[in-house]
Amino acid sequence: MHLLSNHLYIVSTPIGNLDDITLRALDVLKQSDIILCEDTRRSIKLLSHYKIKKKLISYHKFNEKKKLAEIIKYFNEGKILSLISDAGTPLLSDPGRLLVNECIEHSITVTPVPGVSSIISALSVSGFCDKFLFYGFLPKTENQLEKVLSSISKREFTQIFFIPSKKLNFYIKSFKKFYSGRKILIAKEITKIHEAFIRDQVDKLQIFKNVVKGELTVVISENTNNVKKFDQERIVNKIKKYLKNYSLKDTVNLILETENANKKQVYDLCLKVKDEKIF
């Protein structure tokens, strides 16, 4: 694989276990002239592990705006640049958005090099619905937290948050208030030695007596409290609308995404509507 100049490569790195890196990611990092990283001390551990020696430039939320002109200058010189975060996929609750937009403005191609994400990793073992809302880090003050949760907790989707371990109990109190009746997964230190998954009902989850150490990804299950009851008239109206633009199979799938009904019920109704037996 030969890298191209005038490209910014967004490279995903391991979230813990150093073996969780793709061959392509290693290839890109080896060919990069400059690697932008949040904390050079953390990134050099990964690079040293794979015997990669490249120029590192510290690029984090406190200096990202100041660094833009310097970085664009490197592109103009024909340099190949990669962006990595301390762990996982860059730009997901990590700096980089300003740079990506600046590259777009300057017609610099932004290329993703996919890999590990704690968001998807936690969701994959949760057992919850895969239609999800990722919020990132929640507000630190009670007033702001309640404002956010009072809004998003009404959504039926699975919801994923990052939480500082030292404030876990603070957030649990609010989860109990806004997510009653739902399940929770607290993923701790994913892929690391002390990896653990704490599963419980939100209502039954107890305040932790000891501080839970490590990085936490919290997943709260979809809301099943407000599942719509089977309403034939409503479903028939939807079927009539969908059948104008979609096949029978696609119409059935679209209905099942939003209605509490089994596939045979919906399929039979679709057939009746299609044969004009229901008006």
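The values are calculated or read from the model by the stated rules, or taken from the named source; none is laboratory data. Just so it is clear, the structure is predicted and the values come from calculations on it, not from any experiment. Here the Cβ positions follow ideal geometry from the backbone for every residue, glycine too, while neighbour counts run over all protein chains shown.
Can you tell me which residues in the stretch 229-273 are of a type in the set (A, V, I, L, M) and closer than 21 Å to Lys131 by Cβ? Ile235, Val252, Leu254, Ile255, Leu256, Ala261, Val266, listed by residue number. Listed by position, the strands (runs of 3 or more DSSP E) contained in the stretch 120-228 that have at least 2 residues being under 17 Å from the mean Cα position of the chain (by Cα) and within 26 Å of Thr89 (Cβ to Cβ) are 132-137, 158-163, 183-188, 216-220. Residue count for the stretch 23-72 under the criterion of being acidic (Asp, Glu) and within 15 Å of Thr13 (Cα to Cα): the result is 3.
Contact map, the stretch 131-151: residues that are in the same structural domain as Arg182 (by TED's automatic domain parsing) paired with residues that are of a type in the set (Phe, Trp, Tyr), Cβ distance under 6 Å, separation 6+ or inter-chain. Pairs shown: Lys131/Phe157; Phe132/Phe157; Leu133/Phe157; Tyr135/Phe161; Gly136/Phe162; Phe137/Phe162; Leu138/Phe161; Leu149/Phe178. In the stretch 3-29, which residues are of a type in the set (A, V, I, L, M) and either touching a Cys at 6+ places or on another chain (Cβ under 6 Å) or under 11 Å from Gly115 (Cβ atoms) (or both)? If the condition is that a residue be of a type in the set (A, V, I, L, M) and either touching a Cys at 6+ places or on another chain (Cβ under 6 Å) or under 11 Å from Gly115 (Cβ atoms) (or both), then Leu8, Ile10, Val11, Ile15, Ile21, Leu23, Ala25, Leu26, Val28 are the ones that fit. Scanning the stretch 231-258 for residues that are touching a residue at least 40 places away in the same chain (Cβ under 8 Å) and either loosely packed, with under 13 Cβ neighbours inside 10 Å or in contact with a Lys or Arg (Cβ under 8 Å, 6 or more places away or on another chain) (or both) yields a total of 0.
Filtering the stretch 38-53 to residues that are assigned to a loop (DSSP other than H, G, I, E, B) and more than 19 Å from Cys103 (Cβ to Cβ) leaves Asp39, Tyr50, Lys51, Ile52, Lys53.
Residues considered: Ile35, Ile57, Ile52. Of these, the only one that is outside the structural domain of Gly136 (by TED's automatic domain parsing) and crowded, with 18+ Cβ neighbours inside 10 Å is Ile35.
Each row is one residue, and each column tells you yes or no for (1) outside any helix (DSSP H, G or I); (2) aromatic (Phe, Trp, Tyr); (3) over 27 Å from the mean Cα position of the chain (by Cα); (4) within 20 Å of Ile104 (Cβ to Cβ).
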{"residue": "Ile21", "(1), (2), (3), (4)": "yes, no, no, no"}
{"residue": "Ala25", "(1), (2), (3), (4)": "no, no, no, no"}
{"residue": "Leu36", "(1), (2), (3), (4)": "yes, no, no, yes"}
{"residue": "Leu56", "(1), (2), (3), (4)": "yes, no, no, no"}
{"residue": "His60", "(1), (2), (3), (4)": "yes, no, no, no"}
{"residue": "Lys67", "(1), (2), (3), (4)": "no, no, no, yes"}
{"residue": "Tyr74", "(1), (2), (3), (4)": "no, yes, yes, yes"}
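Quick one: in the stretch 90-101, of everything that is within 14 Å of Phe162 (Cα to Cα) and of a type outside the set (A, V, I, L, M), which residue is surrounded by the fewest Cβ atoms within 10 Å (Cβ to Cβ)? Only one residue fits best here, namely Ser93. For Gln201, the conditions (1) out of contact with any Lys or Arg (no Cβ under 8 Å at 6 or more places or on another chain); (2) among the polar types (S, T, N, Q); (3) in the same structural domain as Gly127 (by TED's automatic domain parsing) all hold with the exception of (1).
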